[in-house]
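Read the structure below first, then the notes.
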Amino acid sequence: MTGKQQPRLEAAGITKMFGGIRALNDISLEVLPKQIVGIIGPNGAGKTTTFNVITGAYRPSTGEVRLDGKAVTAEPSHLIARAGISRTFQNIRLFGDMTVWEHLLVAQPHSDFTLRRLLPTRWADPQAFRRAEEILEFLKLADVKDRIARSLPYGIQRRVEIARAISARPKLLLLDEPVAGMNHDEADDIRRLILTLRDSGLSILLIDHDMAFVMNLCDYLYVLDFGVMIAQGRPDQIRSNPVVLDAYLGHAT
Amino acid sequence: MMSTYYAGLLADVGILLLGALSVYIILATGQLSLGNAGFMGIGAYLTSYLTVTMGVPLTLALVIAAAASGAIGVIIGFPALRLRGIYLAMATLGFGEMVRSFFLNFDAMGGAGGFHGMRHVSLGYIWTWAAAILLLVAILEHSQIWLELRAVRDDETAAALVGLDTTTIKVGAFGFAAAVAAIAGGLFAHHHVYIEPGNFSFERSIDFVLAVILGGSTVGAGALVGALLLVMLPEHLRFLADWRFAVFGGLLIAMLLVRRQGILDRSLFRFFEFRRSA
Amino acid sequence: MLLQQLVNGLTLGAVYTLIALSFSLVMGILGVLNLAIAELFMLGGYFGFAAILAKLPLPVALLAGMAGAALVAAVIERVGYQPFRDAPVVTPMLSTLGFSIILQNVATNIWGSDPLQLPDEVFGARFTLGPVSASAMQLTIVGATVVLVALLAFVVQRTALGRALRAVAENRDVARLLGVSAGPLTLLAFMLSGALAGAAGVLIGLHYAAITPYIGVEIGLKAIAVMVVGGTGRIWGALIAGPLIGVAEVMTTAYGGSQIRDFVVYGLMIVILLLRPQGLLGGARTEQGPRV
Amino acid sequence: MKSGLSRALCVAGLGALLIATAGPGFAQQADREIVLGAIVPSSGPFAEWGRANTVTLQMIEKQINGGGGINGAKLRIAILDDATKPAQATNNLRKLAGDDKALAVAGPLTSSAAEVTFPVANEMKIVATSQASSKPGVAKLNRPWAFRNTIDEGVLGRTTVPYYKKSFNIKSVAIIFDAKDATAATVGSRIMPALMKENDIEVLNASDPLSFNTGDLDVSAQVTKMKALNPDGVVVSADYSQAVTVIREMKRQGMIKPVVGSTQLISSAILKAAPEIPIVAPATFYATMKGDKPEKFVNELQPLLRKTSGLPPEIEPSMYDANIYEIVSIYIDAIKATGVTGKPEDLETDRAKIRDYMAKLAGFPGLGGPIGFNDDGDAIKAFYILQGESGAWQSKVRGCSAAPGHPGC
């Protein structure tokens, strides 16, 4: 990880205090273009908090978040999203009674407030319409296009959420436990999907508990424990890191 | 030829429809307003002032009043961002009562004594506005912006994280709704040719909400059905004499029990679309 | 005059506190605005009148008003709230509006729309202290308010029942996991709230000695303002907010102008909502209410 | 399955709505009949007035038809409830005029309703006569079809205030009014201050009007403020049901000062509020009035009112019952005198005949004396300054709402 390449995402010296509690303590990490990076750690280690700081939901007490070298720290969430960071949630958060198709349309980026958005979707932005169709095909969601997303099976809901996230045309995709609660086949589907997304040019930062899944997938790993970064490195390095084994594998069994 | 009685009732339906649509638009972003009678009052007084005192033609006066009320709606919309759910509803309730109280003391336009001098408008004129705005809302319902409204209602955080500007959407909805309510007010004033502050009370705000919820809060056409129901039902319960409104209250509860989502809902529309294509 | 106005304001404040409490019991625990509370208050007043006219003593009248209103509240809970417990909050709000319409009209059919008046003041004796004078009934109202608030606070804070209520208020699903069954508790919350409204109706009806079927409408809206100012989650909040709004209202009338009174009261409510959405006494700012 | 049921219910609901909007059929009468209409508030805060009016109207209908009808035709009075909502009153008038083909309409009761209903009367060219509206100038704005069998409060006050001043030696007053009630607010903020000035009575709170809102329970602050001004008397401009609250509070605070007000105060209920406080107000009729006509009217109506459910057992005929009785009597007289046919093809001319008869009316024998109408559409009739004493109204002065020497009085 020493190249001169400009990182897609840089988080430098992030500290987040809640009242008197230090939820994140001086965390720094980076994601390079077309790289899959994982954050692992036991429950309460601060993984989701890190996501929330990156996406602007929390303002960090100190530290800076940069996307392609440009600071986006604590900007409003929607501006960070437009700058190129999308995410999914640990507990899937889909829009109430929207169909799959509507999920893809609503997330399409638009040049700010134009009167065209007042037109029916088909005419508002034909390009967005086509892009949404492509994503539908790409994520194999065409069959369920007009179904209410929340009524679909869990695995497909995950895919819809990812589809919604990439509809916003991000440069960096944050996935919060993408395979939680999935069986092996479903998880493998998602793994292949993530690899394809990476190949199409996305950078990916993900959180998961499933060690096998993470080790198989990620190019680089960060390990958090009680808000402190205790290790980082390639999967093989992490696998043999005694600190990690002790802190993470030790009490997570 | 329609009897003038039904013409009168339909005029009330048209005005109530506009008021209900104004609640519907705000509700589409997940906010409940119990103060839209306030915007209606602003529209009624401003339109009447323009036509009676300034001699402005009614259509222009309505447009000006809608724009002014819309601007007030946007101004109200910003602090409203801080509040959610029932707390927002109560703040809007307070707003509506403040507007009523203001006009009660606004002696330049009659205060409690009311304001006169408007010219009566035809049923056709009222329904031109009502139908145009209903159509506008129906078109908007298929637009990109309406999808964004629904996304904001369903999950504001998730909506922001796919790049939707939730502030502009919510404030914009408030402004648009305030403009629609103002048109309802202007038409009300020129239908009844007399207004007094009591016309724009909490009771009327609640009527708007009731029309939306009974008719169906997920489609704009629900407001039409709800408005028809609220105006027509009490007229058709007259045979009950003294028990008319007690039974009316009971029927409201019964309707909510049978169809809490309202008479119309989106799945019903899908059902009919499905039938059509089959 | 200032002192006398203060007494007026405190009496009015006590009145608001009582009704605000019955709103906030249901609002705080279930997140529902029960619009029929204004009419439960009215019913309490009529029941109390009936008891007093039948020459029964005040405590009996009070009990009659509380029991009657609580019974009606139970019906409202079963028919107007329970079926809608999972619906957006606007739906049960409108079903309680249906009850409010029914109750107003039934009361009109039973007792007429003219004010029903008591021939004499109940507890009409007056105490005078320097420039200030107050009637025994006024003192009774203020006293009863403090006692009822204390009783309610005790129930909610200190008893097993109160803990269960608070658990439900916190989170229905978690409460269910903890083995608290929400059904009977919401019924109880409605009935408690109804009993409070009924008590308020009896006391206030007897104090003003003239009631109509529409007596609850204006005062109900003000009580909602008081509830918001006090914070929906805090019992003690209403005890501060009631007199605050009552005194603000009376002082506006006395030294500002009676015309702008409502403007001031609702303006105050909005300002407090914006500055402290959780109310004057509310704790940390939390998720501000369920979806509509 | 469940959604299927729900859909079925929904379709059924829509069907019901269609049926509802299609409207009820109107029963066809075989006999020739004369139809009059009435708009009364039988539900809402003034329900009692509307219900008593209804009993009065049914009594007339029965009396007329028992006596052979009008010119051989049966009288039918179509009575509609406006629920004290102005918008409903306008639709009531449209129904009575358009669907029921009424020849003339009695009502609506309140001034707020009259303000919006009278323009409709002009639009539809049918006489509407209010039985209670007394807010100044309401009929005047809506000539030629609007009438009121009431006297403008400004005219009444011209006799009330001097009597009040003389009887109680009033040099100063405080004024309190219901700001939400258009009539009361107009009387309290414009008419009464002007009348006090005319009579050299000082208004102590002239620069600081005192008001409350319909439905307010607590007026203690206003009364404390009035008491501190220490006036000789108090002007209470409010509907009697609201005035009860003020007078009770005055008594509670020991402010035993004579009260003066408008016709809105007249009712038996207000005398129960505080018998020790004298109340002066004008009326054109009161239940204990002496004379053949009024006594006969009360003797006939009172038992009917008292056995009607939904009305209190001790109810007495009110001024508004008398007014609506007179209105219908005038209509019947007009129909008889001007050769109104009641045939559908003559509807327009029949209505115009009634209007012209009303406009020219003078000396119609009303319950309290002769009745006519002035150019503003308001009644020229006798009125009485009443004083509430020990629970009963006593007549003190007889006045007339026309210039002295006018044949109407």
Kindly identify residues of the stretch D:39-73 having a loss of at least 40 Å² in accessible area between the isolated chain and the assembly of all protein chains, probe radius 1.4 Å. D:Pro45, D:Glu48, D:Arg51
Net lengthening on full extension, C:Arg126/C:Ala160 (0.36 nm per residue, minus Cα-Cα): 8.1 nm
In the stretch C:15-148, if the dipole is taken from +1 on Lys/Arg beta carbons and -1 on Asp/Glu beta carbons about the Cα centre, which of C:Ala134, C:Ala144, C:Phe99 is farthest to the positive end? C:Ala144
Which whole number of Å³ per residue matches the convex hull of the alpha-carbon atoms in the stretch D:154-283? 90 Å³
Find, among the chymotrypsin sites (Phe, Trp or Tyr not before Pro) in the stretch B:27-80, those assigned to loop by DSSP (not H, G, I, E, B) with at most 12 other beta-carbon atoms within 10 angstrom. none
On the accessible surface of chain D, probed at 1.4 Å, how many percent belong to carbon and sulfur atoms? 55 percent
What is the Cα radius of gyration of the stretch A:8-65 over 2.2 N^0.38 Å, N being its residue count? 1.10
Based on the Cβ-Cβ distance of D:Asp346 and D:Glu276, what FRET efficiency does E = 1/(1 + (r/R0)^6) give at R0 = 51 Å, to the nearest 0.05? 0.30
Running Debye on the stretch A:98-169 with equal point scatterers at the Cα sites and no solvent, what base-10 log of I(q)/I(0) appears at q = 0.15, 0.20, 0.21, 0.22 Å⁻¹? -0.46, -0.77, -0.83, -0.90
If the protein assembly as shown were replaced by its equivalent ellipsoid, with semi-axes equal to the square roots of 5 times the Cα gyration tensor eigenvalues, what would those be, largest first, whole Å? 63, 35, 25
Please report the buried accessible area for the interface of D with C, total over both chains, probe 1.4 Å, in Å² to the nearest 100. 3100 Å²
So what's the stretch D:102-164 giving for Cα Rg divided by 2.2 N^0.38 Å, two decimals? 1.19
Hydropathy at least 0.5 by Kyte-Doolittle, axial extent at least 27 angstrom from the Cα trace: which helices of chain B, defined as entire DSSP H runs, fit? B:4-27, B:58-80, B:85-104, B:166-192
When the helices in the protein assembly as shown are scored as -39500 (n - 2.57) per DSSP H run of 4 or longer and the sum is shared across all residues, what 222 nm value do you end up with, to the nearest 500 deg cm²/dmol? -17000 deg cm²/dmol
Taking H as built 1.01 Å from N, whose amide H comes closer than 5 Å to the amide H of D:Val260, not counting residues under 5 places away? D:Val234, D:Val235, D:Val236, D:Val280
Quick check: convex hull over the Cα atoms of chain B, volume per residue in Å³, rounded to an integer? 155 Å³
Apply the Karplus curve 6.51 cos²θ - 1.76 cosθ + 1.60, θ = phi - 60°, to the phi angles in the stretch D:57-73 and return the couplings in whole Hz, x for Gly and Pro. 5, 5, 5, 4, 3, 5, 4, 5, 5, x, x, x, x, 10, 6, x, 9
Quote the relative contact order of chain A in percent (integer), defining contacts as alpha-carbon pairs under 8 Å separated by 6+ residues. 27 percent
Per residue and in cubic angstrom, what volume does the convex hull of the Cα atoms of the stretch A:166-247 have? 112 Å³
Could you give each residue of the stretch C:109-119 its phi-based ³J(HN,Hα) in whole Hz, using Karplus coefficients 6.51, -1.76, 1.60 with θ = phi - 60°, and x for Gly or Pro? 5, 7, 10, x, 9, 5, x, 8, 10, 8, x
Between chains D and B, total accessible area buried, probe 1.4 Å, no ligands or nucleic acids, nearest 100 Å², roughly 3300 Å²
What fraction, in whole percent, of alpha-carbon pairs in the stretch B:87-235 exceed 29 Å separation? 26 percent
Enumerate the calculated ³J(HN,Hα) couplings along the stretch A:70-79 in order (Karplus 6.51 cos²θ - 1.76 cosθ + 1.60, θ = phi - 60°), each rounded to whole Hz, writing x wherever the residue is Gly or Pro. 9, 5, 10, 3, 6, 5, x, 3, 5, 6
Please state the relative contact order of chain B as a whole percent: Cα pairs under 8 Å, 6+ residues apart? 33 percent
With a 1.4 Å probe, how much accessible area is buried between chains A and B, both sides summed, in Å² to the nearest hundred? 2400 Å²
From Cα pairs below 8 angstrom and at least 6 apart in sequence, can you work out the relative contact order of chain D, rounded to a whole percent? 15 percent
How far apart, in nm, are the 7 Å Cα→Cβ label points at A:Arg22 and D:Lys140? 8.3 nm
Hand me the trypsin sites (Lys or Arg not before Pro) from the stretch D:252-344 located in a DSSP loop with no more than 12 other Cβ atoms within 10 Å, in residue order please. D:Lys290, D:Lys307
Probe 1.4 Å, heavy atoms of protein chains only: per residue, the accessible area of the protein assembly as shown in Å² is 36 Å²
Separation in nanometres of the label points that stand 7 Å from Cα toward Cβ, at A:His184 and D:Asp99: 7.4 nm
Run the quick spin-label model on C:Leu274 and C:Leu53: label points 7 Å from Cα toward the beta carbon, then report their separation in nm to one decimal. 4.8 nm
Taking the radius of gyration and the Kirkwood hydrodynamic radius from Cα positions alone, what is the Rg/Rh ratio for chain C, to two decimal places? 0.97
Accessible-area composition of chain C, carbon plus sulfur, in percent [1.4 Å probe]: 71 percent
In whole percent, the fraction of accessible protein surface over the stretch B:54-156 that belongs to carbon or sulfur atoms, probe radius 1.4 Å, stands at 74 percent
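The values are calculated or read from the model by the stated rules, or taken from the named source; none is laboratory data. Just so it is clear, the model here is predicted, and its values are computed rather than measured. Reconstructed Cβ throughout: ideal geometry from the backbone, glycine too, with neighbour counts over all protein chains shown. Please note that ligands, DNA and RNA were not included when accessible areas were found on the heavy atoms of the full protein model with its side chains. Shrake-Rupley method; radii C 1.70, N 1.55, O 1.52, S 1.80 Å.
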